[in-house]
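Peer 1: Shown below is the structure under consideration.
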Amino acid sequence: MAQNFRHGEILQLARDRGKVVVEDLAQHFGVTLQTIRRDLSELCDTGQLTRVYGGAILASGVANIGYEDRRRLNEEEKDRIGRACAAAIPDEASLFLNIGTTTEAVARALLGHRQLMVVTNNLNVATILAQNPTAEVIVAGGVLRRADAGLVGEMTLEMVRHFKVDFAVIGASALDEEGDLLDFDFREVRVSQAILGQARRRCLVADRSKFSRTAPVRIGSLEAVDSFFTDAPPPPAVVERCAEWGTRIVVAGT
């Protein structure tokens, strides 16, 4: 297969799956791992893909990748992160869960908890936790973002400010080496900032793919987070800053 055709199909697979893996691509095209790595490097050099451990994802820009692609990306890793975060939340706690596929993994891991009060602007989280018969689920109303069932806007902000909870669990679209949490939608970022301000303890849940992505809107810093749950050690610069700030890093599965 000519290289330019292979590149086009690799990009389509990345759109369909959220991530492409070197070994899978080599088998799919019947070429060597070295050839696929070269293809991915060239696609990354042109800004179409971003390298992650074992493969690549669609490059970041000013818009996030689609919800279904994000949901399928690193599913097992997100489930491990979700279980690790849920283990730090006791029964009978109150908490916020914001928009994101990793916070949805936390919600699934909380199904066995008793007597929770959960406030969320994520309809997917609300639907998941509706299966927990002892959980009180409060939906922070607002403008429905159909792409991912998130609620944003002034009404959501006003609702969030009525609560002071034990835990805030938030996700982010990207994490840079300065320790800044980044996202794409300014309305969503304002809600996430309000959530952090209305909680006694604050948790970030983000998988390793966020270490190599960028996004244009700043939520805040890891300095404002008590615990950071992830699936792989962050870059050394982030680890160093977390040590300075007293932010605990929990690598799920280790």
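Peer 1: Could you work out how far apart the two model spin labels at ALA130 and VAL251 are, taking each label as a point 7 Å from the Cα in the direction of the beta carbon, and quote it in nm?
Peer 2: About 3.9 nm separates the two model spin labels.
Peer 1: For Cα extents along the principal axes in Å, the listed values are (1) 59, 39, 33; (2) 48, 41, 32; (3) 52, 45, 34; which was obtained by calculation from the structure presented?
Peer 2: The value computed from this structure is option (1).
Peer 1: Mind checking which lysines have their C-alpha under 16 Å from LYS78, skipping anything on the same chain fewer than 8 residues away?
Peer 2: LYS19, LYS210
Peer 1: Within the chain, what's the longest run with no trypsin sites (Lys or Arg not before Pro) in a DSSP loop and at most 16 other beta-carbon atoms within 10 Å? Give the range, please.
Peer 2: 1-113
Peer 1: Per the helix-only calculation at 222 nm, which mean residue ellipticity applies to the chain, given -39500 (n - 2.57) for every DSSP H run of n ≥ 4 and division by its residues, nearest 500 deg cm²/dmol?
Peer 2: -11500 deg cm²/dmol
Peer 1: Per residue, how many Å² of accessible area does segment 115-254 show with a 1.4 Å probe?
Peer 2: Using a 1.4 Å probe on heavy atoms only, each residue of segment 115-254 averages 43 Å².
Peer 1: What does the net charge come to around GLY142 if you take all other residues with beta carbon closer than 15 Å to its beta carbon, with K and R at +1 and D and E at -1?
Peer 2: 0
Peer 1: Heavy atoms only, probe 1.4 Å: what % of the accessible area of the chain goes to carbon and sulfur, would you let me know?
Peer 2: The C+S portion of the solvent-accessible surface of the chain is 50 percent.
Peer 1: Distance in nm between label sites at GLU154 and PHE5, each 7 Å beyond Cα in the beta-carbon direction?
Peer 2: Modelled inter-label distance: 5.6 nm.
Peer 1: Ok, one more. Which percentage, to the nearest 5, of the DSSP beta bridges contained in the chain is antiparallel?
Peer 2: Bridges in the chain are about 45 percent antiparallel.
Peer 1: Counting Lys and Arg as +1 and Asp and Glu as -1, what is the net charge of the other residues whose Cβ lies under 10 Å from the Cβ of VAL31?
Peer 2: Neighbourhood net charge equals +1.
Peer 1: Given H placed 1.01 Å from N in the peptide plane, which residues other than close sequence neighbours of LEU181 have an amide H under 5 Å from its amide H?
Peer 2: ILE219, GLY220, SER221, LEU222
Peer 1: Subtract the Cα-Cα distance of PHE186 and GLU23 from 0.36 nm times their separation in residues, and report this length gain in nm to one decimal.
Peer 2: Contour length minus the Cα-Cα distance gives 55.0 nm.
Peer 1: Gain in length, ALA243 to ARG200, computed as 0.36 nm per residue apart minus the alpha-carbon separation, to one decimal in nm?
Peer 2: So the chain would gain 13.5 nm between ALA243 and ARG200.
The values are calculated or read from the model by the stated rules, or taken from the named source; none is laboratory data. Computed from a predicted structure; not experimentally measured. Note: ideal-geometry Cβ built from the backbone for every residue, glycine included; neighbour counts use all protein chains shown. Keep in mind that these areas ignore ligands, DNA and RNA; they rest on the heavy atoms of the full protein, side chains included. Shrake-Rupley method; radii C 1.70, N 1.55, O 1.52, S 1.80 Å.
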